[in-house]
Amino acid sequence: MALDRWIALIILVMSLGYGYTAFFTMDGALAPFMRNNPIWPSTFPKVLSVMAIVAALIILLGFEKNEKPREEDPSVIVYRRLLEYQVVPALTLIGLMIAYALLLRPIGFLTATVGFLTIGSLVLGERRLHILIPVAVIAAGSIWYLVQEVLGIFLRPWPAFMGV
């Protein structure tokens, strides 16, 4: 089985678990007055899980392919030659995402996001720091402002020891 179908199978299994949670367990703790609302907190997870299941099944069953791909085509991933691809940067980015999730609360949103964007861009090959750092700072600041001020969701901007 091709690599894209293995990935689709993994996404299908994860989406089935996510969908089960969204459809059967998320709404059990709802307050009685929320049960009459047309949109529940589980509405978006339900839609997302159904869309992911459909997309994974399309890829898994091969409906998206019009013709048999040639192995000489550079856009086709051949799992037998997986080590010839850029595996180290991909694994580094996955590790960076995990570190971002773990460091988000202890060092604050702004510090973690600027660090993630900067280091992630360096891993991907961007070397113009005079452009990279201001873009990361503006992006992190804009997202923080939108979440904190516009949506009204508290998002700790700085590390906890700063007391802000």
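Among all stretches of the chain without exposed chymotrypsin sites (Phe, Trp or Tyr not before Pro) (DSSP loop, at most 16 other Cβ atoms within 10 Å), which one is longest?
After excluding every exposed loop site, the longest remaining stretch is 86-153.
With each label point set 7 Å from Cα along the Cα-Cβ vector, what nm distance links Ile10 and Ala101?
Reported label-point gap for Ile10 and Ala101 is 1.3 nm.
Go ahead and collect, in residue order, the members of the stretch 33-61 whose backbone nitrogen is under 16 Å from a label point 7 Å along the Cα-Cβ direction of Thr25.
42, 45-46, 49
Using 0.36 nm times the number of residues separating Leu91 and Ser142, minus their current alpha carbon distance, what extension gain do you get? Write out the running numbers ahead of the final one.
On the way: separation 51, 0.36 × 51 = 18.36 nm, distance 2.80 nm.
Extra length available between Leu91 and Ser142 comes to 15.6 nm.
If you take semi-axes √(5λ) of the Cα gyration tensor in Å from the coordinates, which of [x] 27, 20, 12; [y] 33, 30, 13; [z] 28, 20, 15 do you get?
The listed entry that was calculated here is [y].
For the chain, what is the calculated [θ] at 222 nm in deg cm²/dmol (nearest 500), taking -39500 (n - 2.57) for each run of four or more DSSP H residues and dividing by its residue count? Show your work: numbers first, answer last.
Numbers: 5 runs with 91 residues, N = 164.
One gets -19000 deg cm²/dmol as the mean residue ellipticity at 222 nm.
Values quoted throughout were computed directly from the atomic coordinates according to the rules given, and no laboratory measurement underlies them. Since this is a predicted model, take the numbers as computed values, not measurements. Heads up, the Cβs are rebuilt from the backbone with ideal geometry, glycines too, and the neighbour counts pull from every protein chain shown.
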